[in-house]
Amino acid sequence: MRSPSKEVREKIRQSVLAHCTIPGYHEKLSLAIKTGQAAMSLTVKNEMRLKAQRTRAGYHHSESTKAKMRGKKHSVETKERLRQNSLGRKQSEDAKEKLRLVNLGRKHTSETKAKMCHPRFTPYPNTAIEKLRQLNLGRKHSDVDKVKMKQRRQELFKDPEFRARTIALLKLANIGKHLSVITKEKISKQVKKLWQNPEWVTMFFNAQHAKPNKCETELLKILQTVVPGEYRYVGDGQFILAGKCPDFLNINGQKKLIEFYGDYWHKDDDPQVRIDLFKKYGYDTLVIWERELMNDREMVLQRIVEFNVESSRC
């Protein structure tokens, strides 16, 4: 099909301009389009869109036009219309690459960053959250992506301001929230699984900078006095057994453990459970309570001596 000559195109342009000056022309045209009187087929629309794209190739707004456009925002109706028109459309790889190149080097302003960091900023509706959840079900990050994400988080957390702001936002976001029973069970299973991994346990205790507390230090002094050279403090993750971290380990070839139970942290624990657990692996265990160490030291000394004598005979 031969394209119209330059003279014909000029006549068409002049005719369109003449019609545009007629009062009420734009309103009538808009009404006709809305009511379907001037409806076009999808093929015609796509052809017109492609022609417009080719016409605009390499075109840039002037500085005066950019100045007029700055600060203007779409109305709610326009935003909704644009959203509806974009539903179901997918960008081509070329379009994605063009967008990526256009946004290279661009940075958000401080005001925009503050809005994005706010936990209540433009929250997703429940329907959108559910769609995102369904969309990402079964998806997993690759090992390369996991390493990149970990390195990025470590770099960000080196900034004290970023760390403090992130912790504050997490606390604020979790105010009033309560975990369901199912979620608690899932977390419990995951944590128990992690405690079976010696590498994770070592990393955990290194991060906590674990060291003996006052009572454990006092008990260690007693052990060094009563049975010198027999026990070493391993409550910092040096020795893991059945996913548990005992406090003191015999270092002279005997499979003996000593656990120190604080009255507050172990108030609901049954020492026999821990003793039976370690017994499955061939270890004898002595449990000493905080109240025993504070109120009856002589009895503690006697129990330690008897425990070592009994284990040596066995």
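Brief remarks on what is shown
- Residues being surrounded by 13 or more Cβ atoms within 10 Å (Cβ to Cβ) and within 20 Å of Cys245 (Cα to Cα) - total across the range 280-303: 8
- The condition (being loosely packed, with under 10 Cβ neighbours inside 10 Å, at pLDDT 65 or above and not in a helix (DSSP H, G or I)) is satisfied by just one residue among Gly105, Gly36: Gly105.
- Matching residues in the range 176-190 - criterion: being over 17 Å from the mean Cα position of the chain (by Cα), loosely packed, with under 11 Cβ neighbours inside 10 Å and part of a helix (DSSP H, G or I): Val181, Ile182, Ser188, Lys189
- Residues that are closer than 16 Å to Ala128 by Cβ and polar (S, T, N, Q) were ranked within the range 71-94; the one that is farthest from the chain's Cα centre (by Cα) is Gln84.
The values are calculated or read from the model by the stated rules, or taken from the named source; none is laboratory data. Owing to the predicted nature of the structure, the values given are computational and were not obtained by experimental measurement. Every residue, glycine among them, receives a Cβ derived from its backbone with ideal geometry; neighbour counts consider all protein chains shown.
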